[in-house]
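Remarks on the structure that follows.
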Amino acid sequence: MCAGTDPTIPVLRRFLPRAQSLSHPNIIQYLDSFISGTELIIVFEWAAAGDLKRQIRKAQERNTYFDERVCWKYFSQICDAINYMHEQRVMHR
């Protein structure tokens, strides 16, 4: 299937300008996108510490738990980012 006939490509292309306009300290920044062969490549900023899932996995591997302060910090950051996205009329999953 070529990129021109993949039904998800137009949907993603409509999303990309909106993703590009998002600017929030707790949302990974969209940098660029391009089509390579049959794939749409989306480039985001590098998150050196990884995402929340990676942090949880690392804690599990060490058999440790997050301190309550850290949990509240993450929760607050997530809520703030979701609120910002709603203000920008962006849905999330």
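The values are calculated or read from the model by the stated rules, or taken from the named source; none is laboratory data. Note that the coordinates shown come from a computational prediction; the quantities given were computed from them, not determined experimentally. So basically every Cβ, Gly included, is an ideal-geometry build from the backbone, and we count neighbours across all protein chains shown.
Numerical summary
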| quantity | calculated |
| --- | --- |
| Only listed residue being outside any loop (DSSP other than H, G, I, E, B), surrounded by 10 or more Cβ atoms within 10 Å (Cβ to Cβ) and in contact (Cβ under 8 Å) with a residue 40 or more places away in the chain, chosen from 32, 80 | 80 |
| Residues that are modelled with pLDDT of 90 or more, surrounded by fewer than 10 Cβ atoms within 10 Å (Cβ to Cβ) and assigned to a loop (DSSP other than H, G, I, E, B), drawn from region 49-77 | 62, 63, 64, 67 |
| Residue match in region 17-26 (condition: part of a loop (DSSP other than H, G, I, E, B) and of a type in the set (D, E, K, R)) | no |
| Single unsatisfied condition, residue 24 versus (1) in contact (Cβ under 8 Å) with a residue 24 or more places away in the chain; (2) over 13 Å from the mean Cα position of the chain (by Cα); (3) under 23 Å from residue 79 (Cβ atoms) | (2) |
| Some residue of region 8-20 being of a type in the set (Gly, Ala, Ser) and at pLDDT 85 or above | no |
| Region 16-29, residues that are surrounded by 12 or more Cβ atoms within 10 Å (Cβ to Cβ), under 17 Å from residue 82 (Cβ atoms) and not aliphatic (A, V, I, L, M) | 18, 24, 26, 29 |
| Hits in region 41-62 (condition: within 16 Å of residue 30 (Cα to Cα) and out of contact with any strand residue (DSSP E or B) (no Cβ under 8 Å at 6 or more places or on another chain)) | 46, 47, 48, 50, 51 |
